[in-house]
Structure formats: C-alpha cells, structure tokens
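Beneath this line is the structure, given in structure tokens, with notes to follow.
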Amino acid sequence: MKQALLRVPLAPLFAGVVPLSPETARYVSRVHRLREGERFLAFDPAQALEGEATLVEVGKGALAARIASVHPASLVPRRPVTLIQCVGKGDKVDAVIRDATELGASRVIAALSARCVARPQADRGARWRRIAVEAARQCGRGDVPRVEGPLPLVDALHAVHGAAGACLDPRGALSFGRWVGEVTRVGEVMREVALVVGPEGGFTDEETAACEDAGFARVKLGSMTLRTETVCAAALGALLALTDA
C-alpha cells in the first residue's frame, strides 16, 4: 500500500519554489525528519488548494518547497454548514472548533449569550484559526471553516439569514433526524444549514424566543442533556451520517 504523504499547511501556495517559514521548516525537518529531495503534500486552507511538494534547500539553513502544479483540494465539505457555538468555560471552544473542522463545518461563529461565564478577548480568533488549520491537516481536509466572533448571540443569528436553522434544545419537540429530513429532501440543492448551541447553563427563554424569531426550529438531539462542548460532535456527526454531505 502506498504510504500517504505528510500534509503540511503552506500559504500562499503556487507552482514554483515556495519558501518555508522557520516554523514550517522545523516541522518538516525536525519533527518529521524529512530531508532534501523528499516529498510532502502542501495545502493552502484559505484557497482550498493543494500540490505535491519536494523539499529543497535554498540557502544555509533555509528550506523551500518546489511545487510543479497546484489544483483544487481533493477533500472539502459539500454542504455549507454554520455552527453558532455559545462560548463555554476554559478551552471548550478550542475543542469545538477542532471537532467542527473535522466534521465538515464551513463556518464557526463564537457567540455570547446571557449565561456565558467566559468572555474571551477578540484576539482569541487567531488561536482558533490555528486550531482549525491543524485539525484540517490531521483529518485530510483541504480547507478550513471561517472562524468568527465572539459576537452577541442576536448578531450571530442574523449572520446566517436564509439558512435552514436549528436551535439545539433538549426541550424541543422536533427530533434532529426529522428536522434533517425536512430541510435536506432528496433532489433539493445543497441548502445551507445552521446550528446554534447554548452555553453550559442553556438559553434563557428570551434567547430561545429570539432563535425562533430568527427562523431557527427548536430541535431535540436526543433524550439526554449533553454538555455544550459535546453537542457539536453529536450534531455534526449525525448530519454527516444522515445526509452523506
């Protein structure tokens, strides 16, 4: 069996000789011990491009990738899916972004609601984007979700106007499977889907009403109440299984 090439994020990606940053050079030469002349797969997650690369030395201690050609990434999600995740304590959003990337979300919006305990700084976005890139590298995905926020919950809801929305609520009357069947009927165009997940304490009644006013159905994911950081993997995994998208 042919061994898969090491996947390395590299941007901007183009045909020719692409210099490697010191961080990327250390990753390929010290962590994975690639030597001059060995190959790896370079991918640009922002442009969803990839190309086979050969490691070359371009100066004392400086490395580059020689790329014959680039082409669209071979593995990208087919359906646009936005996850609105209310911010949880500690590193819970980090875990959610990692899972969302691996499970095909095209956009992740960190939201602030009344019961959010954590209030991350705006510069947290850079860390979240790095986590998404690393998750894409690991799972074979050729792009990454757009990571936005933190935004007030109402603003996040308005940012996905027109999508088929579900407010994941253990008190919801509509099952997730039934909702998916209604919004992704056979023969329908790949309609955008948006899921909104509350914080540890759930939504207030006013926030649930705001979700419904924005067109989000109240959908029950199962009989058990899940932790906020677990809902992402459960819902996106179920969506993949039910729609193969």
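The values are calculated or read from the model by the stated rules, or taken from the named source; none is laboratory data. Please read all numbers here as calculations on a predicted model, not as lab measurements. Here the Cβ positions follow ideal geometry from the backbone for every residue, glycine too, while neighbour counts run over all protein chains shown.
So which residues in region 26-60 are in a helix (DSSP H, G or I) and over 25 Å from Pro145 (Cα atoms)? Correct list: Arg26, Ser29, Arg30, Val31. Being assigned by TED's automatic domain parsing to the domain that holds Gly201 and in contact with a Lys or Arg (Cβ under 7 Å, 6 or more places away or on another chain), is that true of even one residue in region 155-166? The answer is yes; a qualifying residue exists. Is it true that some residue in region 82-90 is surrounded by fewer than 21 Cβ atoms within 10 Å (Cβ to Cβ), among the hydrophobic types (A, V, I, L, M, F, W, C) and assigned by TED's automatic domain parsing to the domain that holds Ala234? So far as region 82-90 goes, no, none of its residues is surrounded by fewer than 21 Cβ atoms within 10 Å (Cβ to Cβ), among the hydrophobic types (A, V, I, L, M, F, W, C) and assigned by TED's automatic domain parsing to the domain that holds Ala234. List the pairs whose first member sits in region 226-245 and is closer than 15 Å to Ala166 by Cα and of a type in the set (Asp, Glu), whose second member is buried (at least 17 other Cβ atoms within 10 Å of the Cβ) and modelled with pLDDT of 90 or more, and whose Cβ atoms are under 7 Å apart, counting only residues at least 6 apart or on separate chains? Within 7 Å, no pair qualifies. Looking only at region 155-169, count how many residues are more than 11 Å from Ile84 (Cβ to Cβ) and buried (at least 16 other Cβ atoms within 10 Å of the Cβ). Total satisfying the criteria: 2. Identify the residue in region 61-78 that is without any contact (Cβ under 8 Å) to a residue 60 or more places away in the chain and outside any strand (DSSP E or B) and, among all such residues, is surrounded by the most Cβ atoms within 10 Å (Cβ to Cβ). Here the answer is Val70.
Evaluate the following for Asp143: is it buried (at least 21 other Cβ atoms within 10 Å of the Cβ), closer than 19 Å to Gly237 by Cα and of a type in the set (D, E, K, R)? Against the criterion (buried (at least 21 other Cβ atoms within 10 Å of the Cβ), closer than 19 Å to Gly237 by Cα and of a type in the set (D, E, K, R)), Asp143 qualifies. The condition (being closer than 18 Å to Arg115 by Cα, surrounded by fewer than 18 Cβ atoms within 10 Å (Cβ to Cβ) and of a type outside the set (D, E, K, R)) is satisfied by just one residue among Thr225, Thr243: Thr225.
Conditions tested, residue by residue: (1) under 17 Å from Val76 (Cα atoms); (2) in contact with a Gly (Cβ under 7 Å, 6 or more places away or on another chain).
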{"position": "Pro19", "(1), (2)": "no, no"}
{"position": "Tyr27", "(1), (2)": "no, no"}
{"position": "His32", "(1), (2)": "no, no"}
{"position": "Glu36", "(1), (2)": "no, no"}
{"position": "Phe40", "(1), (2)": "no, no"}
{"position": "Phe43", "(1), (2)": "yes, yes"}
{"position": "Ala46", "(1), (2)": "yes, no"}
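Of the numbered criteria (1) surrounded by 13 or more Cβ atoms within 10 Å (Cβ to Cβ); (2) of a type outside the set (S, T, N, Q); (3) more than 14 Å from Ala111 (Cβ to Cβ), the one Pro199 fails is (3).
Let's see how each residue does on (1) closer than 14 Å to Pro199 by Cα; (2) over 10 Å from the mean Cα position of the chain (by Cα); (3) in contact (Cβ under 8 Å) with a residue 12 or more places away in the chain; (4) part of a helix (DSSP H, G or I):
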{"site": "Gly104", "(1), (2), (3), (4)": "no, no, yes, no"}
{"site": "Cys116", "(1), (2), (3), (4)": "yes, yes, yes, no"}
{"site": "Ala135", "(1), (2), (3), (4)": "no, no, yes, yes"}
{"site": "Val144", "(1), (2), (3), (4)": "no, no, yes, no"}
{"site": "Leu151", "(1), (2), (3), (4)": "yes, yes, yes, no"}
{"site": "Val154", "(1), (2), (3), (4)": "no, yes, yes, yes"}
{"site": "Trp179", "(1), (2), (3), (4)": "no, yes, yes, yes"}
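Scan region 117-130 and tell me whether some residue there is surrounded by 21 or more Cβ atoms within 10 Å (Cβ to Cβ), closer than 30 Å to Arg7 by Cβ and basic (Lys, Arg). Within region 117-130, none of the residues are surrounded by 21 or more Cβ atoms within 10 Å (Cβ to Cβ), closer than 30 Å to Arg7 by Cβ and basic (Lys, Arg).
Results for (1) at pLDDT 95 or above; (2) farther than 17 Å from Val133 by Cα; (3) within 26 Å of the chain's Cα centre (by Cα); (4) not assigned by TED's automatic domain parsing to the domain that holds Ala126, shown as yes or no for each residue.
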{"site": "Ala11", "(1), (2), (3), (4)": "no, no, yes, yes"}
{"site": "Pro19", "(1), (2), (3), (4)": "no, yes, no, yes"}
{"site": "Thr24", "(1), (2), (3), (4)": "no, no, yes, yes"}
{"site": "Ser29", "(1), (2), (3), (4)": "no, yes, no, yes"}
{"site": "Arg33", "(1), (2), (3), (4)": "no, yes, no, yes"}
{"site": "Glu36", "(1), (2), (3), (4)": "no, yes, no, yes"}
{"site": "Ala42", "(1), (2), (3), (4)": "yes, no, yes, yes"}
{"site": "Ala46", "(1), (2), (3), (4)": "no, no, yes, yes"}
{"site": "Leu49", "(1), (2), (3), (4)": "yes, no, yes, yes"}
